[in-house]
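Novice: I have a structure I would like to understand better, so I am pasting it below and will then ask my questions one at a time.
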Amino acid sequence: MALVITLAIITAGVLLIRILREIVMGSSCCGTGEKIPKRIKVKDKDISHYSYRYMLHVEGMMCSACTVRVENMLNSLNGIWAKADLSVREVTVFSKEKRDRDFFVAALKSSTYTITEFEEEKKDDEP
């Protein structure tokens, strides 16, 4: 009986430490201990204002904090609206101006994320 009580106390202690660590350090699953960054809000969310759409396959996104970081790096650029999907490691980017792969590579250059595929998609009104 004493063994069961001891194991219960140890288990409760481990769980408490994990919960406190997450509260203090954030819940990033990448092991960095960084807090999840605050999402940059895109001011113009009218999709009709964006003439171009791109699909970026981004390696290195491992958790929701990673997707927020990638979105923030891209959304901080003028005329860009980016939405990341962790499940497929892709970022849909809407742009008011025509951009090329090098533009997006440069935007993520200071990070550990890498664009492995780049595709410009047709606008809805194009054949």
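The values are calculated or read from the model by the stated rules, or taken from the named source; none is laboratory data. Since the model is a prediction, treat every value here as computed from it, not as a measurement. Here the Cβ is made from the backbone with ideal geometry for all residues, glycine too, and neighbour counts use every protein chain on show.
Novice: Every residue in region 69-104 that is in a strand (DSSP E or B), hydroxyl-bearing (S, T, Y) and farther than 16 Å from H57 by Cβ, please. It would help to see each step written out before you state the result.
Specialist: Taking region 69-104 first, the residues in a strand (DSSP E or B) are 80-85, 90-95.
Then drop every residue that is not hydroxyl-bearing (S, T, Y), which leaves 92, 95.
Hit for region 69-104 is S95, nothing else.
Novice: Name the single residue that is nearest to R53 (Cα to Cα) among those in region 86-120 being among the acidic types (D, E) and surrounded by 13 or more Cβ atoms within 10 Å (Cβ to Cβ).
Specialist: Filtering region 86-120 for residues among the acidic types (D, E) gives 90, 97, 100, 102, 117, 119-120.
Filter once more, keeping what is surrounded by 13 or more Cβ atoms within 10 Å (Cβ to Cβ): 90, 120.
Values: E90: 13, E120: 6 Å.
Among residues in region 86-120 that are among the acidic types (D, E) and surrounded by 13 or more Cβ atoms within 10 Å (Cβ to Cβ), the one nearest to R53 (Cα to Cα) is E120.
Novice: Of all residues in region 34-68, which are farther than 20 Å from V105 by Cα, out of contact with any strand residue (DSSP E or B) (no Cβ under 9 Å at 6 or more places or on another chain) and in a loop (DSSP other than H, G, I, E, B)?
Specialist: Scanning region 34-68 gives E34, K35, I36, P37, K38, R39, K41, K43, D46, C63.
Novice: Of G31, G13, which residue is assigned to a loop (DSSP other than H, G, I, E, B) and modelled with pLDDT under 90?
Specialist: Values: G13 fails: assigned to a loop (DSSP other than H, G, I, E, B).
Testing whether each residue is assigned to a loop (DSSP other than H, G, I, E, B) and modelled with pLDDT under 90 leaves just G31.
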